[in-house]
1. Among the residues of region 43-83 satisfying the criterion of being acidic (Asp, Glu) and outside any loop (DSSP other than H, G, I, E, B), which is farthest from His94 (Cα to Cα)?
2. List pairs: first residue in region 112-135 and closer than 16 Å to Ser82 by Cα and among the small types (Gly, Ala, Ser), second residue surrounded by 14 or more Cβ atoms within 10 Å (Cβ to Cβ) and modelled with pLDDT of 95 or more anywhere in the structure, Cβ distance under 7 angstrom, at least six positions apart or on different chains.
3. Can you tell me which residues in region 127-138 are in a loop (DSSP other than H, G, I, E, B) and touching a His at 6+ places or on another chain (Cβ under 9 Å)?
4. Looking at region 99-126, which of its residues are polar (S, T, N, Q) and either in a loop (DSSP other than H, G, I, E, B) or crowded, with 18+ Cβ neighbours inside 10 Å (or both)?
5. Would you point out which residue out of Leu57, Leu87 is closer than 25 Å to Gln10 by Cα and touching a residue at least 40 places away in the same chain (Cβ under 8 Å)?
6. Could you list, in sequence order, the residues of region 84-98 that are assigned to a helix (DSSP H, G or I) and among the β-branched types (Val, Ile, Thr)?
7. Restricting region 50-98 to residues that are within 13 Å of the chain's Cα centre (by Cα) and hydroxyl-bearing (Ser, Thr, Tyr), which is surrounded by the fewest Cβ atoms within 10 Å (Cβ to Cβ)?
8. If the requirement is being closer than 17 Å to Ile5 by Cβ and touching a helix residue (DSSP H, G or I) at 6+ places or on another chain (Cβ under 6 Å), which of these qualifies: Leu116, Leu95, Leu99, Leu40?
Amino acid sequence: MSQAIYYVNQNNINQNCINQNGVDQNSIKQNNINQSDSALIDSIPEQALNIPIGNVLDKETLLNSLAKVANFPDYFAHNWDSAWDCLTDSDITHLTLYLNGVEKINTEDFNVFKRLIEDAYKDFGKPQLWIVAASDDACE
């Protein structure tokens, strides 16, 4: 893998089936996954940290969730520059962002977040991000 961001269109993964630190591979229904998406799902490292998102994906949600899951230090200033600094100073190499359940996406904030990840990866070789679009009906 040699890029910063991977996009997976997956209709059979439920964020409720995912632990805080990665992907529960058992929640994937292999018979409904195309080979490309299946390969991408399988390529998500077990140590990937999941950035939990609720109903709204915006700057505040992304920064708060990233800070919490990544254990950013107390001096984190809750802005994009500070997020970049804390992320690149951390040992975090892999992240996941599941978009199931998201009802509203602020595309400007989401694009800034993706650029932050791409810039960090370009300069430091980390982190990599898997963005997964999923439905809510996969847990059994």
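1. That would be Glu60.
2. Ala120/Trp84; Ala120/Leu87; Ala120/Thr88; Ala120/Lys126; Ala120/Pro127
3. Pro127
4. First, pick out the residues of region 99-126 that are polar (S, T, N, Q): 100, 106-107, 111.
Matches in region 99-126: Asn100, Asn106.
5. Values: Leu87 fails: closer than 25 Å to Gln10 by Cα.
Checking each option against the conditions leaves just Leu57.
6. Within region 84-98, just Thr88 meets the criteria.
7. Taking the candidates together, the pick is Thr93.
8. Of Leu116, Leu95, Leu99, Leu40, the one residue that is closer than 17 Å to Ile5 by Cβ and touching a helix residue (DSSP H, G or I) at 6+ places or on another chain (Cβ under 6 Å) is Leu116.
The values are calculated or read from the model by the stated rules, or taken from the named source; none is laboratory data. Not measured: the values here are computed from a predicted model. No Cβ is skipped: glycine too gets one built from the backbone with ideal geometry, and neighbour counts run over all protein chains shown.
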